[in-house]
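The values are calculated or read from the model by the stated rules, or taken from the named source; none is laboratory data. Just so it is clear, the structure is predicted and the values come from calculations on it, not from any experiment. We place every Cβ from the backbone using ideal geometry, glycine too, and count neighbours over all the protein chains shown. Just the protein is used for accessible areas: all its heavy atoms, side chains included, with ligands, DNA and RNA removed. Shrake-Rupley method; radii C 1.70, N 1.55, O 1.52, S 1.80 Å.
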Amino acid sequence: MILRLAPVNFDLLSEGEQQVIENALMATCQGIDFPVQFLCTTEGIDTRTPQAELYNSIARETSGVRRAYADVLLSYLETLMSQRAILVKRSYAIVGCEGMPYAKARGVLEHRAAVLAGSLSRAKVTATALSSEEIVDLLHHMLNRGGYAHPSDYIEAGVLDLCLTGKGVLANNIQEETRKETGEEPGETRAVLAG
């Protein structure tokens with residue numbers, strides 16, 4: 001499991017508060033008895049969510065002044081994201097589990113993640129488990145540095161809807177050509193990718 005870590009701003013704390021956080025983190029590290037990997041990465045700032053909220057607000061807005069201000073703010077957010085002038089540092093904890101069947105490993109991973117999240121919460125670090133889509137986005141970011149695409153957006157847009165399985169295909173000439181090349185019988189089931 002992968003947990004996104006959101007720590008408190010350490011520099012804004014007093015010396016006593018910093019000492020408490022350091023002690024809690026040391027206790028967390030000493031109490032871990034399972035494999036954990038920590039990963040830090042930098043990502044371009046993503047302003048798509050505030051932009052969507054602003055678009056929804058503009059649609060209901062009656063004041064021309066506020067609407068003009070929202071348009072300027074939207075333009076600024078779009079420029080900020082497209083220029084990639086600001087990078088955000090993100091931290092993750094990867095909790096591992098090996099050599100177990102899937103059904104048991106899932107329960108063990110959830111337990112370990114909960115233990116780690118609870119321990120980190122004493123150090124004012126919020127740990128949130130990533131969904132499958134968020135994990136795909138993270139892996140894509142790690143393997144495609146400088147890219148700004150999010151695979152989860154493509155899945156939501158229906159990119160996988162073009163994949164069909166079962167009898168028949170979209171075009172008869174493709175079906176006939178495929179049968180001739182592979183020597184299949186007309187009633188056999190095939191997987192066909194449209195597009």
Kindly indicate which of G107, G99 is outside any helix (DSSP H, G or I) and either touching a Gly at 6+ places or on another chain (Cβ under 7 Å) or free of Cβ contacts under 8 Å to residues at least 24 places away in the same chain (or both). G99
Give me the residue from the range 71-93 that is over 24 Å from N9 (Cβ atoms) and in contact (Cβ under 8 Å) with a residue 12 or more places away in the chain and, out of that set, farthest from the chain's Cα centre (by Cα). D71
Return the pair list, or none, for Cβ contacts closer than 8 Å from residues in the range 130-142 that are in contact (Cβ under 8 Å) with a residue 12 or more places away in the chain to residues that are open to solvent by 30 Å² or more (accessible area, probe 1.4 Å) and not hydrophobic (A, V, I, L, M, F, W, C), at least 6 apart or on different chains. L130/R4; E134/R4; D137/H150; H141/E43; H141/G147
Restricting the range 124-147 to residues that are out of contact with any Pro (no Cβ under 8 Å at 6 or more places or on another chain), part of a loop (DSSP other than H, G, I, E, B) and modelled with pLDDT of 85 or more, the residue that is surrounded by the most Cβ atoms within 10 Å (Cβ to Cβ): L130
Picking from L25, L54, L5, which residue would you name as being part of a helix (DSSP H, G or I), within 21 Å of S91 (Cα to Cα) and either open to solvent by less than 80 Å² (accessible area, probe 1.4 Å) or out of contact with any Ser or Thr (no Cβ under 7 Å at 6 or more places or on another chain) (or both)? L25
Filter the range 28-51 down to the residues that are surrounded by 12 or more Cβ atoms within 10 Å (Cβ to Cβ) and in contact with a strand residue (DSSP E or B) (Cβ under 9 Å, 6 or more places away or on another chain), then identify the one that is farthest from A6 (Cα to Cα). F34
Which condition does F10 not pass, out of (1) more than 22 Å from the chain's Cα centre (by Cα); (2) within 30 Å of L74 (Cβ to Cβ), if it passes all the others? (2)
Restricting attention to the range 74-90, which residues are open to solvent by 60 Å² or more (accessible area, probe 1.4 Å) and among the aliphatic types (A, V, I, L, M)? A85, I86, L87
